[in-house]
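Encoded as structure tokens, the structure appears first; notes follow it.
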Number of protein chains: 2
Amino acid sequence: MSEQDTSDRDYESVLRDAGMRITKPRKTILEILAEGEDHPDALEIFRRANARDASVSLSTVYRTMKALHDCGAIHRHAFEGGPARFEQADAPHHDHMIDVDTGEIVEFRSEKIERLQEEIARELGYHIVYHRLELYGRKRKTR
Amino acid sequence: MSEQDTSDRDYESVLRDAGMRITKPRKTILEILAEGEDHPDALEIFRRANARDASVSLSTVYRTMKALHDCGAIHRHAFEGGPARFEQADAPHHDHMIDVDTGEIVEFRSEKIERLQEEIARELGYHIVYHRLELYGRKRKTR
DNA sequence: AATGCAATTGCAAATCGTTTGCAATAACTG
DNA sequence: CAGTTATTGCAAACGATTTGCAATTGCATT
């Protein structure tokens, strides 16, 4: 059997633990997710999944994403304008820089910013449940 | 005449400078915006405007918001889930903390974070066009 | 103040991304 | 292998926003 040992087995257990069935469409979608290094939107996931199993529908993609999100297995990002994009939740936390010209997404992480956010929230009398930090920028020509 | 000297006159000049006509519906909408201390969405602006001039339509609210946004006179924020919310652009830059329970919005500003963002963008080879920093939190009970 | 014309309007219909009702189908249980 | 129950695809519904269009209005000109 040519099974890759990516984390799609993990996804299956996540779903199973949540009392959900491992169906053929779900298997396909989970495969795609486990492989994906990028931030595909629902339609893109649908296209990729559909290429392997023509019976997968867009609704099922949405439903599966919702299930995985509820389980905390994936993150959903709604960047400016476009549709929601997804990524695996197992990677360490990071924020995003979006190229306004190309739509390209670069991940980054700043301990300092994380700490400052906590600090600000505390001063305002809140504790952070989650946050959203997106830098929309343009590649600098100027050296 | 009981005219308040808020910034709705400014809005009018902004539009006029952009070569747009000052119509009755626009006047009403601008009034609302100039008064508003909060972050109303299009529907809310429509409701308030409609209360003063029953002929104002939702489409016109959207169109006017778009015009003002294009002129840079207002900011448009699409917070998690809900519809876009607007606020005057004349206030100094700030970010938002959203109460996940009440939807309440608190503004804050951190020079440090602003600087760090610039720094990060530079390291990634970008310059920031704009950013989005939203903290979603809950009021802390624990003293 | 009356005229003309382009900008603006309200309305309804269209759009986009996403969700949902439903009857048919497929997973897991025993 | 059968029975229950979750899951499916489809199409229709959804909420926020945009748009085409014919009627109206602002405003520069007379």
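Some notes on this structure:
- Candidates are the residues of the range B:42-68 that are without any contact (Cβ under 8 Å) to a residue 12 or more places away in the chain and of a type outside the set (D, E); the one that is surrounded by the most Cβ atoms within 10 Å (Cβ to Cβ) is B:N50.
- Residue count, the range B:17-44 (criterion: away from DNA strand C (no atom under 11 Å from the Cβ) and farther than 22 Å from B:D95 by Cα): 4
- Against the test of being within 12 Å of DNA strand D (Cβ to nearest atom) and among the acidic types (D, E), the options B:D10, B:D41, B:D101, B:D95 yield a single qualifying residue, B:D41.
- The range A:30-41, subset surrounded by 15 or more Cβ atoms within 10 Å (Cβ to Cβ) and of a type outside the set (A, V, I, L, M), residue modelled with the lowest pLDDT: A:G36
- Residues satisfying the stated conditions in the range B:110-143, i.e. more than 7 Å from chain A (Cβ to nearest Cβ) and surrounded by 14 or more Cβ atoms within 10 Å (Cβ to Cβ): B:E114, B:E118
- Residue list for the range A:104-133, restricted to those being touching a helix residue (DSSP H, G or I) at 6+ places or on another chain (Cβ under 6 Å) and of a type in the set (A, V, I, L, M): A:V106, A:I113, A:L116, A:I128
- Test: residue in the range B:83-91 that is within 11 Å of DNA strand C (Cβ to nearest atom), surrounded by 13 or more Cβ atoms within 10 Å (Cβ to Cβ), assigned by TED's automatic domain parsing to the domain that holds B:G19 and touching a residue at least 24 places away in the same chain (Cβ under 8 Å): no
- Within the range B:11-38, residues that are free of Cβ contacts under 8 Å to residues at least 40 places away in the same chain have Cβ atoms under 7 Å from residues that are near DNA strand D (Cβ under 9 Å from one of its atoms) and in a loop (DSSP other than H, G, I, E, B) in these pairs: B:E12/B:I22; B:R16/B:I22; B:P25/B:S55, counting only partners at least 6 apart in sequence or on another chain.
The values are calculated or read from the model by the stated rules, or taken from the named source; none is laboratory data. The model shown is predicted, which means the values in this text are computed figures rather than measured ones. Ideal geometry is used to build each Cβ from the backbone, glycine not excepted, and the neighbour counts take in all protein chains shown.
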